[in-house]
């Protein structure tokens, strides 16, 4: 077992242990009078709801939710890459986002969500785009040549799966959302927001990414 697997299993065990212990503690805690025979009440966990930038959805009991947020300033032509862990053994994920300003003023967000193994990341020399041992995500800005090379390598790799590759057209500053799987456990949710930067400052985009995955 690698150090990364051991760390992931330990973190998962501690979270599940806390989820089990907290309801038990609420159920068995004494009342203020100390001898009230009525059982202690317990609030039910909230149902999963759609996430917004102000109010994120709460995970269901027994599920593990990991949220990563990042903000990247991209020069004209650059793409953003978010590398993150998956809970599967020796598996990773990548979100590739290329924003392009259209003639009508809207922004095209060409996006790819990819799952790849540790070995595949080594084979295509993409380890620098993935998080370190004690991180959960890593953000990079790649020039056109580098992002095209990465996409070609991912297409030809044996243990790399493209989960989704949508092209989303949106207004500047408006949030776009990609949802994979069912709301609750076993889902992947990516939110994107791109703002064009002034030409006098060099142009490009201010790109915000928020990724939430539940297991």
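Couple of notes before you dig in:
- Number of positions in the stretch 84-131 that are surrounded by fewer than 17 Cβ atoms within 10 Å (Cβ to Cβ) and modelled with pLDDT under 90: 5
- Exclusive hit being in contact with a strand residue (DSSP E or B) (Cβ under 6 Å, 6 or more places away or on another chain) and not in a loop (DSSP other than H, G, I, E, B), set 128, 161: 161
- A single member of 93, 167, 173, 105 is in contact with a strand residue (DSSP E or B) (Cβ under 7 Å, 6 or more places away or on another chain) and at positive phi, and it is 173.
- Scanning the stretch 108-125 for residues that are in contact with a strand residue (DSSP E or B) (Cβ under 8 Å, 6 or more places away or on another chain) and in a helix (DSSP H, G or I) returns 118, 120, 121.
- Per the conditions (1) modelled with pLDDT under 95; (2) loosely packed, with under 13 Cβ neighbours inside 10 Å, the sole criterion not satisfied by residue 203 is (2).
- Counted residues, the stretch 178-194 - those being surrounded by 15 or more Cβ atoms within 10 Å (Cβ to Cβ) and part of a strand (DSSP E or B): 10
- Only one of 176, 165, 183, 157 that is in contact with a helix residue (DSSP H, G or I) (Cβ under 6 Å, 6 or more places away or on another chain) and at pLDDT below 95: 157
- Only one of the numbered conditions (1) part of a strand (DSSP E or B); (2) over 18 Å from residue 85 (Cβ atoms); (3) in contact (Cβ under 8 Å) with a residue 24 or more places away in the chain is not met by residue 172, and that is (1).
- Residue 147 under 21 Å from residue 71 (Cα atoms), touching a strand residue (DSSP E or B) at 6+ places or on another chain (Cβ under 6 Å), in the same structural domain as residue 67 (by TED's automatic domain parsing) and not in a strand (DSSP E or B): yes
- Subset of the stretch 82-96 [more than 15 Å from residue 137 (Cα to Cα) and out of contact with any helix residue (DSSP H, G or I) (no Cβ under 8 Å at 6 or more places or on another chain)]: 88
The values are calculated or read from the model by the stated rules, or taken from the named source; none is laboratory data. Bear in mind that the values here come from a model prediction, so they are computed numbers and not experimental data. All Cβ positions, even for glycine, are placed from backbone atoms using ideal geometry, and neighbour counts span all protein chains on display.
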